[in-house]
1. With a cut-off of 8 Å between alpha carbons and a minimum separation of six or more residues, what is the relative contact order of region 3-87 in percent?
2. Against the longest alpha carbon principal axis of the chain, how many degrees, from 0 to 90 and to the nearest 10, is the axis of helix 48-87 turned?
3. May I ask for the angle, rounded to the nearest 10°, between helix 3-42 and the longest principal axis of the chain, with both axes built from Cα atoms and the value confined to 0 to 90°?
4. Just want the answer: with Cβ charges of +1 for Lys and Arg and -1 for Asp and Glu, which residue in Leu38, Met1, Ser77 is farthest toward the dipole's positive end in the chain?
5. Å³ per residue of the Cα convex hull, for the chain?
6. Quick check: residue separation of Ala81 and Leu41 times 0.36 nm, minus the Cα distance between them. What number comes out in nm?
7. Please state the charge dipole magnitude for the chain, taken about the Cα centre, from unit charges on C-beta atoms (+1 on K and R, -1 on D and E), reported in debye and rounded to the nearest 20.
8. Rounded, prolate or oblate: which fits region 11-51, taking a ≥ b ≥ c as square roots of the Cα gyration tensor eigenvalues, rounded meaning a/c under 1.5, else prolate when a/b beats b/c?
Amino acid sequence: MNEADVLEVLRDGIWAVLLIALPALVVALAVGVCISLLQALTQVQEMTLTFVPKIVVILVTTVLALPFMYATLATYSERLADLIVAMD
């Protein structure tokens, strides 16, 4: 295994992590912007108002995206296993 192979494995690992985290991060961003806009319009500055909806929406999004997350991680793991076997 040379340096190019190691860099490719690292790049694929970072890409897999980004793909796995992307659904929850996008939804958290959207909910945060909506709640911030609502707080700015109504001048309600309750600190806990931002956390509870985000936690609930992130939990629901994570549950709904679990098949996608599993498939992404399984594909990456299978590729790593194939590279390990090919090294022998």
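A short reminder: the numbers here are calculations on the coordinates, not readings from a lab. Here the structure is a predicted model, which is why all the values come from computation and not from measurement. All Cβ positions, glycine included, derive from the backbone under ideal geometry; neighbour counts span all protein chains shown.
1. 44 percent
2. Orientation of helix 48-87: about 0 degrees from the principal axis.
3. Once rounded, the angle reads 10 degrees.
4. The one lying farthest along the dipole's positive direction is Leu38.
5. Dividing the Cα hull volume of the chain by its residues yields 97 Å³.
6. That works out to 9.1 nm of additional length.
7. Here the chain has a charge dipole of around 540 debye.
8. Verdict is prolate for region 11-51.
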